[in-house]
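One structure below.
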Amino acid sequence: MSVPADPNRVIIFDTTLRDGEQSPGCSMNLAEKLEMARALADLGVDVIEAGFPIASPGDFESVQAIARQIHGPVIAGLARCNPTDIDRAADAVKDAEKPRIHVFLATSAIHREFKLKMTSEEVARRAVEGVKRARDRCADIEFSPEDAARTELDFLAEVVERVIEAGATTLNIPDTVGYAVPQHYAAIIRHLKKNVRGIDNCVLSVHCHNDLGLAVANSLAALGEGARQVECTINGIGERAGNTSLEEVVMALHTRRDYYGLTTGINTRHLYPVSRKLSHVTGQTVQRNKAIVGQNAFAHEAGIHQDGMLKERSTYEIMRPEDVGIPQTELVLGKHSGRHALKQRVAALGYGLSDEQLNKVFEEFKKLADKKKEIYDADIEALAENQLQEG
Ligand code: KIV
Ligand code: ZN
């Protein structure tokens, strides 16, 4: 994929089917991956990382099937920086409309010394050889210096510059272990933008993990410094604490376009349905208070908030639920709720009560709410019926 003509357009690279699938309990079979890939294409992602073809015959088949059947997005396959992995990834994606090979090799001192047992020069040379081999098979090559956020800045810049010369078209800067904080990660991107020859002809990409709960914040900080691809997953699934959550980063850009001035190609109304689909496919539920797609994301219980919402929703909502595909705001009735919300629910349930009857129902409702965590419509109906019978 070439650098977008619009400098403010952010490329959304979805890795739910690769990094996301690596999270415990989230593995998917071929049919499930195809179903998710279709939903991701409809959502409007620019790149689908469909899997890691060398990992297993099943993963190869899934990447190949997605490459053949899903149209629109770039289809990427991951490879370590060795000929066997790269050839396997190239075979898996070759039938895609827009294929990409994503090659990675660790660059940090910790990984060089303990995992790879290679010197920095050996790492740089291996990266260049890998990118050249991949480039012989495919025009669109992404390179990731794994553990970039813990790599010495000068060495990181050197590797990035050498792989660009070798033919890489997207440079991804992973915070593999979720160690970065926003100012630190932004400084890495700024340093690369300033010091690497050829960087402006490539797409600079960010890939954050959420070990400190900062994946979305780090990604946004990097976009502020000129990165233009974000790697992310639906519901933020991924290794350990997960990856950057797609729905959060997209809605942050959308809601605060006044601040960032950046756009994506995402149809935000598909966000909630795709989140539900992934939960259904993996059997992994989303926490209630998850931003954007959690059950409480657009639910209000406090009486003051409910009263404000009923007068003007922008008092307590910065996004409209329908904009992310949630049918409507929910006013949860509980002990913190006020008379205004109760009156509205009673009317919505079809009861025309006098002010006096409503006051009595409100009294009974508060007593019940002290005993129950949540009040359901059936409870309200019973209270309203009692009042009507009493008179
Ligand atoms: O977190 C990471 O470093 C990765 C790379 C393979 C991009 O997932
Ligand atoms: Zn990752």
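Annotations for the structure displayed:
- For Phe298, Phe114, Phe143, order by how many other beta-carbon atoms lie within 10 Å, fewest first: Phe114, Phe298, Phe143
- Max mean-square fluctuation residue, GNM over the chain, Cα-Cα springs under 10 Å, options Thr244, Thr282, Thr233: Thr282
- Cα radius of gyration and Dmax for region 224-293 (Å): 12.8, 37
- Tensor-based shape of region 15-96 (alpha-carbon gyration tensor, a/c under 1.5 rounded, otherwise prolate or oblate): oblate
- Stokes-Einstein, applied to the Kirkwood radius of region 105-196 over Cα pairs at a viscosity of 0.692 mPa s and 37 °C, places its translational diffusion at 248 µm² s⁻¹.
- Remark: the chain carries a charge dipole of roughly 360 debye about the Cα centre, counting +1 on each Lys and Arg Cβ and -1 on each Asp and Glu Cβ.
- Normalised radius of gyration (Cα atoms, divided by 2.2 N^0.38 Å) for the chain: 1.18.
- Beyond 20 Å in Cα-Cα separation lie the following of the pairs Lys277/Lys372; Lys33/Lys98; Lys33/Lys94: Lys277/Lys372.
- Candidates Ser245, Ser279, Ser56, ranked by Gaussian network fluctuation over the chain, Cα under 10 Å, top entry: Ser56
- Degrees between helix 215-224 axis and first principal axis of the chain (Cα, 0 to 90, nearest 10): 60
- For the chain, the longest principal axis of the C-alpha atoms and the axis of helix 153-166 are separated by about 70°.
- Spacing of the modelled spin labels on Arg257 and Lys371, each 7 Å from Cα toward Cβ, amounts to 5.1 nm.
- CD proxy at 222 nm, helix term only [per DSSP H run n ≥ 4: -39500 (n - 2.57); per residue of the chain; nearest 500]: -13500 deg cm²/dmol
- Lys, Arg +1 and Asp, Glu -1 on Cβ, resulting dipole of region 213-289 about Cα centre, debye, nearest 20: 280
- Residues of type aspartates and glutamates that Lys290 reaches as a straight line, Cα spacing below 12 Å, ignoring anything fewer than 8 places off in the same chain: Glu247, Glu248
- Footprinting exposure proxy for Cys232, Cys26 (fewest neighbouring C-beta atoms within 10 Å first): Cys26, Cys232
- For Arg190, Arg197, order by how many other beta-carbon atoms lie within 10 Å, fewest first: Arg197, Arg190
- Cα centroid separation, region 329-384 to region 66-141: 59 Å.
- The angle between the Cα long axis of helix 271-282 and the longest principal axis of the Cα atoms of the chain comes to about 80 degrees, rounded to the nearest 10.
- Taking Arg112, Arg276, Arg288 in turn, the Gaussian network model of the chain (Cα-Cα springs below 10 Å) assigns the largest fluctuation to Arg288.
- On the principal axes of its alpha carbon atoms, region 282-391 extends 49, 33, 22 Å, with the longest extent given first.
- For region 1-156, the relative contact order works out to 18 percent when only alpha carbon pairs closer than 8 Å and six or more residues apart are counted.
- Rounded FRET efficiency, nearest 0.05, which uses the C-beta distance separating His71 from Lys193 and R0 of 51 Å: 0.95
- Once backbone amide H atoms are built at 1.01 Å from N, Ala227 has no partners under 5 Å, excluding neighbours fewer than 5 places away on the same chain.
- Gained length - Asp42 relative to Ala382, 0.36 nm times residue gap less alpha-carbon distance: 118.0 nm
Where a number appears in this text, it was derived from the coordinates with a stated rule and is not lab data. Bear in mind the structure is a predicted one, so any value in this text is a computation, not a measurement. No Cβ is skipped: glycine too gets one built from the backbone with ideal geometry, and neighbour counts run over all protein chains shown.
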